[in-house]
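Have a look at this one.
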Amino acid sequence: MEYIAVLLPSVVVGLIFWFAMKSIFNADKSERQAEARAQAEADEKAQAPDTLRNHGHSSGLN
């Protein structure tokens, strides 16, 4: 029983650390995915006017 009393605080602190690190890594992964989605949308929006310009739709010629 002494061993449990001695090891329990270390195990509890280790579990708290593990859960904290897991949540940090999951938040980082979610943030990277959201940034990638936002970048992809920005790239699509940036290319949309170029497509119109290349086909003469927004060249301003009447």
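Name the single residue that is modelled with the lowest pLDDT among those in segment 25-45 being open to solvent by 100 Å² or more (accessible area, probe 1.4 Å) and not basic (Lys, Arg).
Taking the candidates together, the pick is GLU44.
Here is a further query. Please work out which one of (1) assigned to a loop (DSSP other than H, G, I, E, B); (2) modelled with pLDDT of 95 or more is the condition LEU7 fails and give its number.
Every condition holds for LEU7 apart from (1).
Which one of these does GLY60 not meet: (1) assigned to a helix (DSSP H, G or I); (2) at pLDDT below 90?
Unmet for GLY60, out of (1) assigned to a helix (DSSP H, G or I); (2) at pLDDT below 90: (1).
The values are calculated or read from the model by the stated rules, or taken from the named source; none is laboratory data. Worth saying up front: this structure is predicted, and the values here are computed from it rather than measured. Note: accessible area is taken over every heavy atom of the protein model, side chains too, but ligands, DNA and RNA are not part of it. Shrake-Rupley method; radii C 1.70, N 1.55, O 1.52, S 1.80 Å.
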